[in-house]
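**Q** Here you go, one structure.
The values are calculated or read from the model by the stated rules, or taken from the named source; none is laboratory data. Everything quoted here is computed from the prediction, not taken from an experiment. Here Cβ is always computed from backbone atoms with ideal geometry, including for glycine, and neighbour counts include all displayed protein chains. Each accessible area value is taken on the protein alone, full model and side chains, heavy atoms only, with ligands, DNA and RNA left out. Shrake-Rupley method; radii C 1.70, N 1.55, O 1.52, S 1.80 Å.
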Amino acid sequence: MLNTVLISFLSLFISFHNFHVTQTTLHYNNSSDLIEITIQVAVQDLESALEDQGAKQLRIGTDNESKSTDQLIKDYFERRLIILPNGKPTHYQWVGKEMSKDLHDLYIYVEITNCQQYGKFTSLSVENSIFTEILSDQANIVSIEFGADNQKLTFSQNNKKQTVKLGQ
Amino acid sequence: MKSITSPNFSLMSTRYKLIILFSVAALSLVAQENTNQSKFKQLYEELPTPNVYRTASGAPGHQYYQQKADYVIDVELDEKNHTIKGNETVTYTNNSPDALDYLWVQLDQNIRAKNSIGQLTSTSSIDSEMSFGSIKRMHDKMNFDGGFKLDHVTDASGNKLSYTVNETMMRIDLPRPLRKGQSFSFKIKYWYNINDRMKLGGRSGYEYFEEEDNSIYSIAQFFPRMAVYNEVDGWQNKQFLGNGEFTLPFGDYKVNITVPADHIVAATGELKNASSLLSNAQRKRWESSRTSFNEPVIIVTQEEAEASEKEKSPSKKTWTFEAKNVRDFGWASSRKFIWDAMAVKISGKTVMAYSFYPKEGNPLWEQYSTRVVAHTLKTYSKFTTDYTYPQATSIHTKRIGMEYPMICFNYGRPEEDGTYSKRTKYGMIGVIIHEVGHNFFPMIINSDERQWTWMDEGLNTFVQYLTQEEFERGYPSRRGPPQNIVSYMKGDKSGISPIMINSESILQFGNNAYGKPATALNILRETIMGRELFDHAFKTYSERWAFKHPTPADFFRTMEDASAVDLDWFWRGWFYTNDHVDISLDQVSWFKVSTGNPEVENPIAKANEEKDDTYIGGTRNKILIEKTVDELDEKSIDFYTTYDPFLTSILEKEDYTEYIEDLEEQELALLSDGKNYYELQFSNIGGLVMPIILEFEYTDGSKEVVRIPAEIWVQNSESITKVFILDKEVARVTLDPLLETADVDRNNNYWPPRMEPTRFELYKAKDKSKDNLMQKEVKAQEREEEIKKEAEEKDAEEENTEEPAEDK
């Protein structure tokens, strides 16, 4: 396997007043046994990422939004934001999405149901590579709120997977 | 204040009596280390020592100087090969007291040269799932032959000068030292390949319209530019790596721009040869725009631009622009340009607002661009310093926003069918305000961008927010309101740098250098200084440093010097650390003053005890046990069975009378005024000290906001208590009720405690009807039409059946 490529790459999408940070909150809701996931991304970056994969003008959050948008978004985040409680794979249930008041960001809501099946949480692995395929300066911040466990992680192109211990 | 001899407070929820002192009763927990760690420590160690160039008050000193660089540039655009050829004469004047052996010149285009420092030092990795487009862009970027190609560097007479290029910087060795007051002229002949912005990115470049084989050129950093020399950095010759923008001296420019004859050119400065470039009709329209203060006048129409697009002139024309006292020069050229103009009055002088855009920008650009330029000039002039340049131009450039003196490049393109989303509209208005606003920071108030991004971006974003608020009520502003910075400030600290950091080292550029300083200034204005003191100090800074080179210390010092507000703690916390605000309202205790009168206090104490005794078994037994033994059998009774501790004895009465007689009138008044004493406990979890703003909601439903300055934390920055004397009984207390301090955790801001719902919960609870607003509006209109129609039909029916009126 060839693994010695080193390529210098600055993004096409660089705009001098647009910077690339996403914020994700993983909140374990004990009473409904859900991991509630809120992902905040810049609409422009999300459109660029989906269009980079071949999607045609999505017009996210507008009146002319493409019908396949929700499905494309869900598929994208299932590949680029992987949540592994106790190392076990999960699937997202779509909850919805909404624009921020300033029209700059999109909030995406998904959840992981029936979390008891994963057993008592002892660890949580997160693989976060949101937009790193198109933006070299992407920073992805994740807040973990599992009961008393509050942790914050930062992901980037060079740091896409992290594991934290829970219930220590 | 006279001390009260025996203040006797009783905690109402229990019968426990205690004595407290009447002040902030907290022990200092500071001084863990043996040095001064106070958050209120003055910034003597952080700020440079004041000197004759920069005073301790933040103003330019009596020996302040700055260098001057004047340019005469001939530049030619080759549209076929997308190249720029240039020939410049730079005249550099040394106003410093130092003799200079060499000059440093900036070659910013070299960041695009193969194997440039910018390319080599940008980190990168391969994603498992890269698209073809991403890989192609990587190749394009690596294969682009960018950078200045220097033909020669000579003195004014054409003699070769010795020079050395180090990446994006060039040292020219002077034949003899340049002393104070002397000037030196040199010439550089050069050319470079222009980058395709849409493929390679960039602050300037061209956008190619394939279908019609036309381009829009937005051209900047197109000539070797003088670096700044001063007493702060010597030569500011830090390499251009991409993030830290530019640092440039002021000077006068004459630029001759040669382009295809059918192009329209916009640039920094004033056009000097319009008569040979524009038609009579166009010049007449331009003339009439100079008195059109309310509405833009179209100078080059869409029809004219569309006609130009269809053919290509083989000949060339030269546009001559002149600009005085600017720090840079930018221009744009295309045969696609529509041009409109409007006049703006700034302190009695007329300034022109211009926009240049292709038909692809309409209808949005025709309606908004020039109006927004005009509004921005007026608002910024009010809050900072008068705009004294002759014009300000907004150029339509897809995807980017970038600023130069008097000219800026702004995004915002409607769909092909001419419709546009709300996001496109407000994105465009916001970027125009921001980039035109850069005329003030850093073009006029000329800070060092290579070193400090926040000094122009942060201050500019702050005034951008004020300008947006004045543009439209409810403007969807992004950066400014404190609650919008919370998600950044509470994040992982390893991903957050302090504001006071070099431009290249910033993590989360937008939040760090734009959002946080803009928010900090907004908090100073609304909460810490108040609008009057803040606005005066901010304007003082702007006016002091207009057409000069300020540093962070000059800003920090002026804000304090002009307002008499010690802000060292604020700069220290908000600009030198990555702490956040999280103040917790830990406890609320309620006290009332005991009157000391047994006839008043004993019944209260009795009532309290009875109130406490509400155990369900006891309550039931009161009814269900008909008689107890002592009630049935008199013989079981003794002294203790019937003794009532709450009955007032004659001895207690005598004690009280004696006590009262010893008190002075004021003390007596205090005993009988019935006030409520609330002791509130706060702890500082986040680290940043901030004012404490409280809303008391009383049991009668009324509310009151109490504001306490941040200095309450001066002796103990970790936990404090404070007593409030209130007429009414409190039902609820809210900390930071008006969302003005960027407190990241509001769950500890309430008494009684209350949890705020998460964003996820709020969304789930929301009515998510599928209707979008426009569809709703259409439905509403249809329904209104229906109702109107029904009413008309009814009227018509009634008219038909009505008897003819007799007196008609």
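**Q** What are the residues in segment B:573-594 that are open to solvent by less than 30 Å² (accessible area, probe 1.4 Å) and either of a type outside the set (A, V, I, L, M, F, W, C) or farther than 26 Å from residue B:723 by Cα (or both), if any?
**A** B:573, B:574, B:575, B:582, B:584, B:589, B:594 - these are the residues of segment B:573-594 that are open to solvent by less than 30 Å² (accessible area, probe 1.4 Å) and either of a type outside the set (A, V, I, L, M, F, W, C) or farther than 26 Å from residue B:723 by Cα (or both).
**Q** Looking at segment A:27-40, I want the residues that are under 9 Å from residue B:760 (Cβ atoms) and have a partner that is among the basic types (Lys, Arg) with Cβ atoms under 8 Å, at least 6 apart or on another chain. Which pairs are those?
**A** Note: pairs meeting the criteria are A:38/B:759.
**Q** Since residue B:541 meets every condition but one in (1) open to solvent by less than 30 Å² (accessible area, probe 1.4 Å); (2) within 13 Å of another protein chain (Cβ to nearest Cβ), which condition does it not meet?
**A** (2)
**Q** Taking the options B:62, B:82, name whichever one is open to solvent by 60 Å² or more (accessible area, probe 1.4 Å), away from chain A (no Cβ under 14 Å) and at pLDDT 95 or above.
**A** B:62 is the lone residue from the list that is open to solvent by 60 Å² or more (accessible area, probe 1.4 Å), away from chain A (no Cβ under 14 Å) and at pLDDT 95 or above.
**Q** Let me ask another. How about segment B:451-475: which of its residues are within 20 Å of residue B:499 (Cβ to Cβ) and either in contact with a His (Cβ under 9 Å, 6 or more places away or on another chain) or among the polar types (S, T, N, Q) (or both)?
**A** Of everything in segment B:451-475, those that are within 20 Å of residue B:499 (Cβ to Cβ) and either in contact with a His (Cβ under 9 Å, 6 or more places away or on another chain) or among the polar types (S, T, N, Q) (or both) turn out to be B:451, B:453, B:456, B:457, B:460, B:461, B:464.
**Q** Give the number of residues within segment B:178-206 that are under 30 Å from residue B:398 (Cα atoms) and not charged (D, E, K, R).
**A** Looking only at that region, the number is 13.
**Q** Pick out the one residue from B:721, B:758 that is open to solvent by 10 Å² or more (accessible area, probe 1.4 Å) and either at pLDDT 95 or above or over 29 Å from residue A:37 (Cα atoms) (or both).
**A** On the way: B:758 fails: either at pLDDT 95 or above or over 29 Å from residue A:37 (Cα atoms) (or both).
Just one listed residue meets the conditions, B:721.
**Q** Are any residues in segment B:30-89 of a type in the set (Asp, Glu) and part of a loop (DSSP other than H, G, I, E, B), and if so, which ones?
**A** If the condition is that a residue be of a type in the set (Asp, Glu) and part of a loop (DSSP other than H, G, I, E, B), then B:33, B:45, B:46, B:79 are the ones that fit.
**Q** Follow-up question, since we're still on this one. Just give me the residues in segment B:361-373 being open to solvent by 10 Å² or more (accessible area, probe 1.4 Å) and part of a helix (DSSP H, G or I), in sequence order.
**A** So the first thing to find is which residues in segment B:361-373 are open to solvent by 10 Å² or more (accessible area, probe 1.4 Å), and the list is B:362-363, B:366-368, B:371.
Of everything in segment B:361-373, those that are open to solvent by 10 Å² or more (accessible area, probe 1.4 Å) and part of a helix (DSSP H, G or I) turn out to be B:366, B:367, B:368, B:371.
**Q** Whether any residue in segment B:341-353 is away from chain A (no Cβ under 14 Å), open to solvent by less than 40 Å² (accessible area, probe 1.4 Å) and not hydrophobic (A, V, I, L, M, F, W, C) is what I want to check.
**A** First, pick out the residues of segment B:341-353 that are away from chain A (no Cβ under 14 Å): B:341-353.
Of the ones still in play, those that are also open to solvent by less than 40 Å² (accessible area, probe 1.4 Å) are B:341-344, B:346, B:351-353.
Next, only the ones that are not hydrophobic (A, V, I, L, M, F, W, C) stay: none.
The answer is no, given that none of the residues of segment B:341-353 is away from chain A (no Cβ under 14 Å), open to solvent by less than 40 Å² (accessible area, probe 1.4 Å) and not hydrophobic (A, V, I, L, M, F, W, C).
**Q** Moving to a separate point now. Out of B:313, B:333, I need the residue that is part of a loop (DSSP other than H, G, I, E, B), among the polar types (S, T, N, Q) and in the same structural domain as residue B:444 (by TED's automatic domain parsing). Which one?
**A** Working: B:333 fails: part of a loop (DSSP other than H, G, I, E, B).
Only one candidate passes the filter, namely B:313.
**Q** Could I ask something else about it? Specify which of the listed residues (B:738, B:688, B:694) is within 30 Å of the chain's Cα centre (by Cα), within 28 Å of residue B:528 (Cβ to Cβ), exposed (fewer than 15 other Cβ atoms within 10 Å of the Cβ) and not polar (S, T, N, Q).
**A** Of the residues listed, the single one that is within 30 Å of the chain's Cα centre (by Cα), within 28 Å of residue B:528 (Cβ to Cβ), exposed (fewer than 15 other Cβ atoms within 10 Å of the Cβ) and not polar (S, T, N, Q) is B:738.
**Q** Follow-up question, since we're still on this one. Every residue in segment B:145-166 that is closer than 20 Å to residue B:205 by Cα and buried (at least 17 other Cβ atoms within 10 Å of the Cβ), please. Give the steps one after another, and end with the answer.
**A** First pass over segment B:145-166, keeping only residues closer than 20 Å to residue B:205 by Cα: B:145-150.
Passing the criteria: B:146, B:147, B:148.
**Q** Do we find a residue being in the same structural domain as residue B:344 (by TED's automatic domain parsing), open to solvent by less than 10 Å² (accessible area, probe 1.4 Å), in contact with a Leu (Cβ under 7 Å, 6 or more places away or on another chain) and not charged (D, E, K, R) anywhere in segment B:266-276?
**A** no
**Q** List every residue pair whose Cβ atoms sit under 8 Å apart, with the two residues 6 or more apart in sequence or on different chains, where the first one lies in segment B:174-200 and is among the acidic types (Asp, Glu) and the second, anywhere, is assigned to a strand (DSSP E or B).
**A** Once the first residue is among the acidic types (Asp, Glu) and sits in segment B:174-200, its partners that are assigned to a strand (DSSP E or B) give B:196/B:205; B:196/B:206; B:196/B:207; B:196/B:208.
**Q** In this structure, is residue B:386 under 23 Å from residue B:534 (Cα atoms), open to solvent by less than 10 Å² (accessible area, probe 1.4 Å) and among the charged types (D, E, K, R)?
**A** No; evaluated as a whole, the condition is false for this residue.
**Q** Return yes when residue B:504 is part of a helix (DSSP H, G or I), over 15 Å from the mean Cα position of the chain (by Cα) and charged (D, E, K, R) and no when it is not.
**A** yes
**Q** Could you list all residues from segment B:676-733 that are touching a Leu at 6+ places or on another chain (Cβ under 8 Å) and assigned to a loop (DSSP other than H, G, I, E, B)?
**A** B:716, B:718
**Q** Taking segment A:130-165, which residues are among the acidic types (Asp, Glu) and more than 7 Å from chain B (Cβ to nearest Cβ)? So that I can check it myself, show each step before the final result.
**A** We begin by selecting, within segment A:130-165, every residue among the acidic types (Asp, Glu); these are A:133, A:137, A:145, A:149.
Selection gives A:137, A:145, A:149.
**Q** Could you list all residues from segment B:197-230 that are buried (at least 19 other Cβ atoms within 10 Å of the Cβ), part of a loop (DSSP other than H, G, I, E, B) and away from chain A (no Cβ under 14 Å)?
**A** B:222, B:223, B:224, B:227, B:228, listed by residue number.
**Q** Continuing with this model, one more query. Report, ordered by the first and then the second residue, all pairs with beta carbons closer than 8 Å, sequence separation of six or more or different chains, a first member in segment A:104-125 that is under 17 Å from residue A:61 (Cβ atoms), and a second member that is in a strand (DSSP E or B) and hydroxyl-bearing (Ser, Thr, Tyr).
**A** Correct list of pairs: A:107/A:38; A:108/A:38; A:109/A:38.
**Q** Just checking: which of the strands (runs of 3 or more DSSP E) contained wholly in segment A:28-110 hold 1 or more residues that are at the interface with another protein chain (Cβ under 9 Å from one of its Cβ atoms) and in contact with a helix residue (DSSP H, G or I) (Cβ under 7 Å, 6 or more places away or on another chain)?
**A** Hits in segment A:28-110: A:34-42, A:93-99.
**Q** Here's another thing I want to ask about it. Take segment B:360-381 and flag every residue that is more than 17 Å from residue B:475 (Cβ to Cβ) and charged (D, E, K, R).
**A** If the condition is that a residue be more than 17 Å from residue B:475 (Cβ to Cβ) and charged (D, E, K, R), then B:360, B:366 are the ones that fit.
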